[in-house]
Amino acid sequence: MATITYRNASCIYEGSDKLAVDSLNLDIADGEFVVLVGPSGSGKSTALRMLAGLEDIDEGNIEIGGRDMVGVPSKDRDIAMVFQNYALYPNKTVAENMGFALKLRGVGSAERRKKVEEAAKLLDLTDFLDRKPAKLSGGQRQRVAMGRAIVREPQVFCMDEPLSNLDAKLRVQTRTQIAALQRRLGTTTVYVTHDQVEAMTMGDRVAVLRNGKLQQFASPNELYDKPANSFVAGFIGSPAMNLMTVPVAADGVRVGENQTLQLERDQLALLADADLKEVTIGVRPEQLELSDTEGLEVVVDLVEDLGSEAFVYTHAGAGVQLVARSDPRTAPKLAQTVRLRKHPHGVVHLFHPQTGERIG
Ligand code: ADP
């Protein structure tokens, strides 16, 4: 087990004029499960591959257990990777696949068998040890790939979209299993995904990346409750947070034509301090509710009924769109005019209209 530190770590691909990972700083605790998340091309895989020794650290450094990894070959870093493509040997059995790295290391067959059997037990693969990968389901193959990493007892697991090849239901099951297994083994893990739900449900902490730059590194709750900027605010949560840039008024912000969303006094003070004429506001759909008597007047464009809940897509004048969660049984009808107000425990987030940084 080990701590991991990225210190101003950067990577630039040959022939590119842009850093794929730009001065990344992360302090990862021993035994922690950290998820790197962001849209495609944000630098997640590159950041992971730099840790694994598969891409160069062009500037800065990465330490594992306090040891500088610059120039250390991948095989000497004591890490195990699990990829999206499991890359199992088709002609080897499950047991042989899982034990192969140990065999290369010169571990004797009795010891190998013992380690493979222990891992198989953890992963519910005991009955499949003599099978070839072609005779396994997708979920079982994924578990063999995990098993192969576990038997090596590395200091660090590096996982790059390991669930992408599974169907939706299996992904949900497997993500719970992987998170539970990691906690049991206590091995420091860095896990890459583009799926914010996966990030939020699996990580002790989540690092959100965009264009190679770290946006925020925090617990799932903190990302949700206090996004550092409007990008994180819009990326974390589904449906996405309602975000719009609107004029500041005396008692709140102007929304749509001549409507005001009132703000708390301390938020008004923050806006006055920042001397802003406009501000980007954010409200989560689940923190808006329909009301008969008060709130913003909006027109319903679409109702998405999911059975347990419904999402009501609305607009209030040109350019102002708001999504609100509602009870599907009382959801309004298309084209109906309704009122939306902030839930009593709801929050209006304020972001700088140009930089996107959180104001309050
Ligand atoms: P992510 O994992 O978030 O999708 P990547 O780390 O794969 O992002 O990519 C980060 C950036 O580096 C992107 O702009 C991508 O186009 C570029 N990139 C990735 N791999 C290579 C490569 N082998 N050669 C050149 N550019 C690359």
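The values are calculated or read from the model by the stated rules, or taken from the named source; none is laboratory data. All of these numbers come straight from a predicted model, not from anything done at the bench. Heads up, the Cβs are rebuilt from the backbone with ideal geometry, glycines too, and the neighbour counts pull from every protein chain shown. Protein only, heavy atoms only, side chains kept; ligands, DNA and RNA dropped before computing areas. Shrake-Rupley method; radii C 1.70, N 1.55, O 1.52, S 1.80 Å.
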Any hit, the stretch 79-100, residues being assigned to a loop (DSSP other than H, G, I, E, B), within 12 Å of the ligand (Cβ to nearest atom) and modelled with pLDDT of 95 or more: no
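Results for (1) aromatic (Phe, Trp, Tyr); (2) closer than 29 Å to residue 76 by Cβ; (3) in contact with a Cys (Cβ under 7 Å, 6 or more places away or on another chain); (4) at pLDDT 95 or above, shown as yes or no for each residue.
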site: 129; (1), (2), (3), (4): no, no, no, yes
site: 155; (1), (2), (3), (4): no, yes, no, yes
site: 166; (1), (2), (3), (4): no, no, no, no
site: 177; (1), (2), (3), (4): no, no, no, no
site: 181; (1), (2), (3), (4): no, yes, no, no
site: 186; (1), (2), (3), (4): no, yes, no, yes
Among (1) touching a Gly at 6+ places or on another chain (Cβ under 7 Å); (2) open to solvent by less than 50 Å² (accessible area, probe 1.4 Å); (3) more than 28 Å from residue 168 (Cα to Cα); (4) not β-branched (Val, Ile, Thr), the one test that residue 101 misses: (1)
Output for the stretch 196-218, where each listed residue is open to solvent by 40 Å² or more (accessible area, probe 1.4 Å) and of a type outside the set (A, V, I, L, M, F, W, C): 201, 204, 205, 210, 211, 213, 215
Number of the exception - residue 112 against (1) in a helix (DSSP H, G or I); (2) out of contact with any Phe, Trp or Tyr (no Cβ under 8 Å at 6 or more places or on another chain); (3) in contact (Cβ under 8 Å) with a residue 60 or more places away in the chain: (3)
Those residues of the stretch 127-145 which are open to solvent by 80 Å² or more (accessible area, probe 1.4 Å) and without any contact (Cβ under 8 Å) to a residue 40 or more places away in the chain, in sequence order: 127, 130, 131, 135
Wholly within the stretch 169-271, helices (runs of 4 or more DSSP H) carrying at least 1 residues that are within 13 Å of the chain's Cα centre (by Cα) and within 16 Å of the ligand (Cβ to nearest atom): 196-202, 230-235
In the stretch 182-195, the residues that are within 16 Å of residue 1 (Cα to Cα) and either surrounded by fewer than 19 Cβ atoms within 10 Å (Cβ to Cβ) or without any contact (Cβ under 8 Å) to a residue 24 or more places away in the chain (or both): 183, 184, 185, 186
Strands (runs of 3 or more DSSP E) enclosed by the stretch 272-351 - at least 3 residues per element that are within 30 Å of the chain's Cα centre (by Cα) and surrounded by fewer than 18 Cβ atoms within 10 Å (Cβ to Cβ): 296-305
Matching residues in the stretch 106-126 - criterion: being within 17 Å of residue 80 (Cβ to Cβ) and open to solvent by 50 Å² or more (accessible area, probe 1.4 Å): 112, 118, 122
Conditions (1) in contact with a strand residue (DSSP E or B) (Cβ under 9 Å, 6 or more places away or on another chain); (2) open to solvent by less than 20 Å² (accessible area, probe 1.4 Å); number of the one not met by residue 235: (2)
Condition met for residue 130 (assigned to a loop (DSSP other than H, G, I, E, B) and closer than 22 Å to residue 186 by Cα): no
